[in-house]
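The values are calculated or read from the model by the stated rules, or taken from the named source; none is laboratory data. As the structure is a prediction and not an experimental result, all values here were calculated from the model. In this analysis, Cβ positions are derived from the backbone assuming ideal geometry, glycine residues included, and neighbour counts consider all displayed protein chains. Note: areas computed on protein heavy atoms with side chains; ligands, DNA, RNA excluded. Shrake-Rupley method; radii C 1.70, N 1.55, O 1.52, S 1.80 Å.
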Amino acid sequence: MKPATAVVDIHRTFKVHTEFYANPSARKTIILINGSLATTAAFAQTLKYLRPQFNVVLYDQPYAGQSKPHNRHSRPISKEDEATILLELIEVFKVDYLLSFSWGGVAAMLALAQRPARIEKAVITSFSPLLNKAMLDYLARGMVCLQAADGEQVGQLVNSTIGKYLPSLFKRFNHRHISRLDRHEYLQMHAHINQVLQLDNHGQMQCLATIDIPLLFINGDRDEYTAAQDVRVFAEYLSDCQFVIINNAGHFLDMEHKGACLQSQTALLNFLQPPARNNCSYHRVPNQHHAIAV
(Lines give C-alpha, C1' and ligand atoms only; values in the text may rest on other atoms or scores of the structure.)
Protein backbone atom coordinates (compact mmCIF):
# COMPACT_ATOMS: atom_id res chain seq x y z
CA MET A 1 0.00 0.00 0.00
CA LYS A 2 1.45 3.31 -1.10
CA PRO A 3 1.45 6.28 1.29
CA ALA A 4 -0.53 9.46 0.87
CA THR A 5 2.01 12.14 -0.06
CA ALA A 6 1.77 15.87 0.44
CA VAL A 7 4.00 18.94 0.48
CA VAL A 8 3.40 20.85 3.70
CA ASP A 9 4.08 24.58 3.85
CA ILE A 10 5.86 25.43 7.10
CA HIS A 11 5.24 29.05 8.08
CA ARG A 12 5.68 30.14 4.43
CA THR A 13 9.39 29.46 4.84
CA PHE A 14 9.93 25.77 4.10
CA LYS A 15 8.09 23.20 2.03
CA VAL A 16 8.35 19.64 3.27
CA HIS A 17 7.57 16.43 1.42
CA THR A 18 5.59 14.07 3.67
CA GLU A 19 4.43 10.47 3.43
CA PHE A 20 1.49 9.24 5.51
CA TYR A 21 0.99 5.51 5.91
CA ALA A 22 -2.54 5.08 7.18
CA ASN A 23 -3.60 2.09 9.25
CA PRO A 24 -7.42 1.98 9.63
CA SER A 25 -7.15 -0.06 12.83
CA ALA A 26 -4.49 2.11 14.48
CA ARG A 27 -5.32 4.42 17.36
CA LYS A 28 -1.97 6.21 17.44
CA THR A 29 0.27 8.03 14.94
CA ILE A 30 4.06 8.07 15.03
CA ILE A 31 6.42 10.45 13.20
CA LEU A 32 9.98 9.45 12.21
CA ILE A 33 12.89 11.92 12.10
CA ASN A 34 15.83 11.16 9.78
CA GLY A 35 19.50 11.41 10.55
CA SER A 36 21.75 13.74 8.55
CA LEU A 37 22.11 13.19 4.78
CA ALA A 38 19.21 10.70 4.91
CA THR A 39 15.75 10.57 3.34
CA THR A 40 12.53 8.72 4.11
CA ALA A 41 14.04 5.64 2.45
CA ALA A 42 16.37 5.21 5.44
CA PHE A 43 13.42 4.02 7.54
CA ALA A 44 12.45 1.15 5.22
CA GLN A 45 13.33 -1.52 7.81
CA THR A 46 11.67 0.32 10.69
CA LEU A 47 8.55 0.98 8.65
CA LYS A 48 7.95 -2.76 8.21
CA TYR A 49 7.22 -3.31 11.89
CA LEU A 50 5.61 0.06 12.61
CA ARG A 51 2.93 -0.03 9.90
CA PRO A 52 0.94 -2.94 11.41
CA GLN A 53 0.73 -1.03 14.71
CA PHE A 54 0.43 2.68 13.92
CA ASN A 55 -0.27 5.37 11.41
CA VAL A 56 3.24 6.41 10.30
CA VAL A 57 4.49 9.81 9.11
CA LEU A 58 7.79 10.19 7.25
CA TYR A 59 9.26 13.37 5.83
CA ASP A 60 12.32 14.78 4.10
CA GLN A 61 14.06 17.86 5.46
CA PRO A 62 13.77 20.90 3.13
CA TYR A 63 17.30 20.36 1.79
CA ALA A 64 16.95 16.62 1.14
CA GLY A 65 15.14 13.96 -0.88
CA GLN A 66 11.78 14.86 -2.38
CA SER A 67 11.62 18.16 -0.48
CA LYS A 68 14.58 19.56 -2.45
CA PRO A 69 12.70 20.72 -5.57
CA HIS A 70 10.26 22.76 -3.47
CA ASN A 71 12.82 24.90 -1.63
CA ARG A 72 15.51 27.45 -2.29
CA HIS A 73 18.83 26.47 -0.83
CA SER A 74 20.34 29.88 -0.27
CA ARG A 75 21.48 29.08 3.27
CA PRO A 76 21.78 26.08 5.57
CA ILE A 77 18.94 25.62 8.02
CA SER A 78 19.56 25.31 11.75
CA LYS A 79 18.54 22.56 14.14
CA GLU A 80 16.09 25.07 15.61
CA ASP A 81 14.53 25.35 12.14
CA GLU A 82 14.28 21.56 12.02
CA ALA A 83 12.62 21.55 15.45
CA THR A 84 10.10 24.13 14.23
CA ILE A 85 9.32 21.98 11.18
CA LEU A 86 8.82 18.94 13.39
CA LEU A 87 6.49 20.79 15.76
CA GLU A 88 4.36 21.93 12.84
CA LEU A 89 4.13 18.43 11.37
CA ILE A 90 3.11 17.07 14.76
CA GLU A 91 0.09 19.35 14.66
CA VAL A 92 -0.74 18.76 10.99
CA PHE A 93 -0.77 14.97 11.36
CA LYS A 94 -2.02 14.85 14.98
CA VAL A 95 1.01 12.84 16.06
CA ASP A 96 1.13 10.91 19.36
CA TYR A 97 4.60 9.34 19.28
CA LEU A 98 8.01 10.38 17.98
CA LEU A 99 10.97 8.28 16.82
CA SER A 100 14.31 9.80 15.81
CA PHE A 101 17.53 8.33 14.46
CA SER A 102 21.09 9.57 14.99
CA TRP A 103 21.49 13.35 14.48
CA GLY A 104 17.73 13.59 14.08
CA GLY A 105 17.79 13.33 17.86
CA VAL A 106 19.02 16.93 18.13
CA ALA A 107 15.93 18.38 16.45
CA ALA A 108 13.72 15.87 18.24
CA MET A 109 15.00 16.81 21.68
CA LEU A 110 14.81 20.55 20.91
CA ALA A 111 11.20 20.09 19.83
CA LEU A 112 10.33 17.99 22.87
CA ALA A 113 11.82 20.67 25.14
CA GLN A 114 8.98 22.92 23.96
CA ARG A 115 6.56 20.34 25.39
CA PRO A 116 4.25 19.76 22.41
CA ALA A 117 0.92 18.83 23.97
CA ARG A 118 0.12 16.02 21.52
CA ILE A 119 3.25 13.94 22.08
CA GLU A 120 2.79 11.17 24.65
CA LYS A 121 6.09 9.28 24.30
CA ALA A 122 9.30 9.50 22.30
CA VAL A 123 12.04 7.08 21.24
CA ILE A 124 15.53 8.42 20.53
CA THR A 125 17.86 5.97 18.77
CA SER A 126 21.62 6.05 18.10
CA PHE A 127 22.04 9.45 19.74
CA SER A 128 24.25 10.76 22.52
CA PRO A 129 24.44 14.21 24.12
CA LEU A 130 28.20 13.80 24.54
CA LEU A 131 30.80 14.18 21.79
CA ASN A 132 33.35 11.50 22.69
CA LYS A 133 36.78 11.01 21.13
CA ALA A 134 35.53 8.71 18.37
CA MET A 135 32.74 11.11 17.38
CA LEU A 136 35.01 14.17 17.44
CA ASP A 137 37.48 12.39 15.16
CA TYR A 138 34.65 11.40 12.79
CA LEU A 139 33.31 14.96 12.72
CA ALA A 140 36.75 16.49 12.14
CA ARG A 141 37.39 14.19 9.18
CA GLY A 142 33.89 14.82 7.89
CA MET A 143 34.29 18.59 7.99
CA VAL A 144 37.18 18.41 5.52
CA CYS A 145 35.41 16.42 2.82
CA LEU A 146 32.05 18.15 3.39
CA GLN A 147 33.64 21.58 2.94
CA ALA A 148 35.06 20.36 -0.36
CA ALA A 149 31.71 18.75 -1.25
CA ASP A 150 33.66 15.57 -1.99
CA GLY A 151 30.82 13.06 -2.03
CA GLU A 152 33.07 10.09 -2.75
CA GLN A 153 35.12 10.77 0.38
CA VAL A 154 32.02 11.44 2.50
CA GLY A 155 30.53 8.12 1.44
CA GLN A 156 33.75 6.24 2.24
CA LEU A 157 34.02 7.96 5.61
CA VAL A 158 30.47 7.08 6.67
CA ASN A 159 30.83 3.43 5.64
CA SER A 160 34.19 3.02 7.40
CA THR A 161 33.04 4.61 10.68
CA ILE A 162 29.42 4.73 11.85
CA GLY A 163 28.40 2.39 9.02
CA LYS A 164 31.17 -0.19 9.44
CA TYR A 165 28.79 -2.91 10.68
CA LEU A 166 26.33 -2.54 7.81
CA PRO A 167 25.98 -5.50 5.43
CA SER A 168 27.89 -5.01 2.16
CA LEU A 169 24.71 -4.46 0.16
CA PHE A 170 23.59 -1.67 2.48
CA LYS A 171 27.06 -0.14 2.31
CA ARG A 172 26.82 0.00 -1.48
CA PHE A 173 23.40 1.67 -1.32
CA ASN A 174 24.66 4.04 1.35
CA HIS A 175 27.74 5.03 -0.63
CA ARG A 176 25.79 5.51 -3.85
CA HIS A 177 23.27 7.77 -2.07
CA ILE A 178 25.82 9.85 -0.16
CA SER A 179 28.27 10.27 -3.04
CA ARG A 180 25.58 11.69 -5.36
CA LEU A 181 24.10 14.39 -3.15
CA ASP A 182 23.87 18.02 -4.25
CA ARG A 183 26.53 20.46 -3.11
CA HIS A 184 24.13 22.29 -0.79
CA GLU A 185 23.49 19.04 1.10
CA TYR A 186 27.17 18.62 1.96
CA LEU A 187 27.35 22.27 3.01
CA GLN A 188 24.20 21.78 5.10
CA MET A 189 25.87 18.91 6.99
CA HIS A 190 29.02 21.00 7.38
CA ALA A 191 26.98 23.79 8.95
CA HIS A 192 25.15 21.28 11.13
CA ILE A 193 28.42 19.91 12.51
CA ASN A 194 29.62 23.46 13.20
CA GLN A 195 26.45 24.14 15.16
CA VAL A 196 26.72 20.92 17.15
CA LEU A 197 30.38 21.58 18.02
CA GLN A 198 29.45 25.00 19.39
CA LEU A 199 26.60 23.79 21.59
CA ASP A 200 26.86 24.42 25.31
CA ASN A 201 26.20 20.88 26.53
CA HIS A 202 25.37 21.92 30.08
CA GLY A 203 22.96 24.63 28.93
CA GLN A 204 21.32 22.29 26.45
CA MET A 205 20.85 19.61 29.09
CA GLN A 206 19.27 22.07 31.49
CA CYS A 207 16.86 23.06 28.71
CA LEU A 208 15.94 19.42 28.11
CA ALA A 209 14.94 19.06 31.75
CA THR A 210 11.61 20.65 30.77
CA ILE A 211 10.65 17.47 28.88
CA ASP A 212 7.89 15.81 30.86
CA ILE A 213 6.96 12.72 28.81
CA PRO A 214 8.42 9.19 28.94
CA LEU A 215 11.48 8.75 26.71
CA LEU A 216 13.27 5.62 25.55
CA PHE A 217 16.89 5.77 24.39
CA ILE A 218 18.11 2.88 22.22
CA ASN A 219 21.80 2.39 21.39
CA GLY A 220 23.91 -0.43 20.02
CA ASP A 221 26.52 -2.02 22.27
CA ARG A 222 29.12 -1.84 19.46
CA ASP A 223 28.46 1.82 18.62
CA GLU A 224 31.55 3.73 19.71
CA TYR A 225 30.31 7.02 18.24
CA THR A 226 27.04 7.39 20.16
CA ALA A 227 28.03 5.09 22.98
CA ALA A 228 25.38 3.58 25.24
CA GLN A 229 27.23 4.55 28.42
CA ASP A 230 27.34 8.21 27.36
CA VAL A 231 23.56 8.38 26.92
CA ARG A 232 23.01 7.58 30.60
CA VAL A 233 23.75 11.23 31.45
CA PHE A 234 20.15 11.95 30.41
CA ALA A 235 18.95 10.23 33.59
CA GLU A 236 20.32 13.19 35.58
CA TYR A 237 18.01 15.62 33.80
CA LEU A 238 14.91 13.72 32.68
CA SER A 239 12.23 12.60 35.11
CA ASP A 240 10.96 9.62 33.10
CA CYS A 241 13.41 7.78 30.87
CA GLN A 242 14.51 4.27 29.98
CA PHE A 243 17.65 2.99 28.27
CA VAL A 244 17.98 -0.09 26.08
CA ILE A 245 21.17 -1.56 24.65
CA ILE A 246 20.86 -3.64 21.47
CA ASN A 247 23.26 -6.57 21.55
CA ASN A 248 25.81 -7.02 18.77
CA ALA A 249 24.74 -3.79 17.06
CA GLY A 250 26.52 -0.66 15.92
CA HIS A 251 25.12 2.73 14.96
CA PHE A 252 22.56 1.63 12.36
CA LEU A 253 20.78 -0.87 14.61
CA ASP A 254 17.94 -2.53 12.67
CA MET A 255 19.73 -2.18 9.31
CA GLU A 256 22.71 -4.24 10.42
CA HIS A 257 21.27 -7.74 10.93
CA LYS A 258 18.06 -9.55 11.70
CA GLY A 259 18.83 -10.04 15.38
CA ALA A 260 19.35 -6.31 15.95
CA CYS A 261 16.18 -5.54 13.99
CA LEU A 262 14.12 -7.91 16.15
CA GLN A 263 15.61 -6.51 19.36
CA SER A 264 14.90 -2.93 18.23
CA GLN A 265 11.33 -3.85 17.32
CA THR A 266 10.74 -5.51 20.69
CA ALA A 267 12.17 -2.58 22.66
CA LEU A 268 10.22 0.03 20.74
CA LEU A 269 6.84 -1.73 20.77
CA ASN A 270 7.14 -2.76 24.43
CA PHE A 271 7.76 0.87 25.31
CA LEU A 272 5.05 2.46 23.19
CA GLN A 273 2.20 0.04 23.74
CA PRO A 274 2.12 -0.76 27.49
CA PRO A 275 1.38 1.93 30.15
CA ALA A 276 4.29 4.32 30.70
CA ARG A 277 6.81 3.47 33.40
CA ASN A 278 7.42 6.19 35.95
CA ASN A 279 11.14 5.80 36.60
CA CYS A 280 14.46 5.70 34.83
CA SER A 281 15.81 2.26 34.06
CA TYR A 282 18.72 0.79 32.15
CA HIS A 283 18.78 -2.67 30.62
CA ARG A 284 19.68 -4.82 27.67
CA VAL A 285 17.20 -6.51 25.39
CA PRO A 286 17.75 -10.29 25.63
CA ASN A 287 19.21 -11.47 22.33
CA GLN A 288 17.38 -14.67 21.46
CA HIS A 289 18.29 -14.58 17.79
CA HIS A 290 21.52 -15.18 15.91
CA ALA A 291 22.97 -12.33 13.85
CA ILE A 292 21.64 -12.78 10.34
CA ALA A 293 22.49 -10.17 7.72
CA VAL A 294 19.55 -8.69 5.84
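See the values below:
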read-out	value
Region 1-113: translational diffusion in µm²/s, Stokes-Einstein, Kirkwood Rh over Cα pairs, 10 °C, 1.306 mPa s	113 µm²/s
Cα centroid of region 88-102 to Cα centroid of region 1-53, whole Å	9 Å
Over the chain, relative contact order from alpha-carbon pairs under 8 Å, at least 6 apart, %	16 percent
Accessible surface, region 16-139, averaged per residue in Å² (probe 1.4 Å)	37 Å²
Surface/4 of the Cα convex hull for region 180-245, nm²	6.1 nm²
Charge tally in the Cβ shell below 15 Å around P52, where Lys, Arg are +1 and Asp, Glu are -1, P52 excluded	+4
Prolate/oblate/rounded label for region 142-268 (Cα gyration tensor, a/c 1.5)	oblate
Restricting region 1-62 to trypsin sites (Lys or Arg not before Pro) in coil, as DSSP defines it, with at most 14 other Cβ within 10 Å	R12, R27
P(r) histogram, all alpha-carbon pairs of the chain included - 5 Å bins from 0, percent	1, 5, 12, 17, 20, 19, 15, 8, 2, 0
Of K15/K79; K94/K164; K79/K121, pairs whose Cα-Cα distance is over 25 Å	K94/K164
Residue-level accessible surface for F93, protein heavy atoms, 1.4 Å, Å²	40 Å²
Carbon/sulfur fraction of accessible area - region 131-260, other protein chains in place, 1.4 Å, %	49 percent
In range of the label at Y237: residues from region 111-142 whose backbone nitrogen is under 15 Å from the point 7 Å along Cα→Cβ	111-115, 124, 127-132
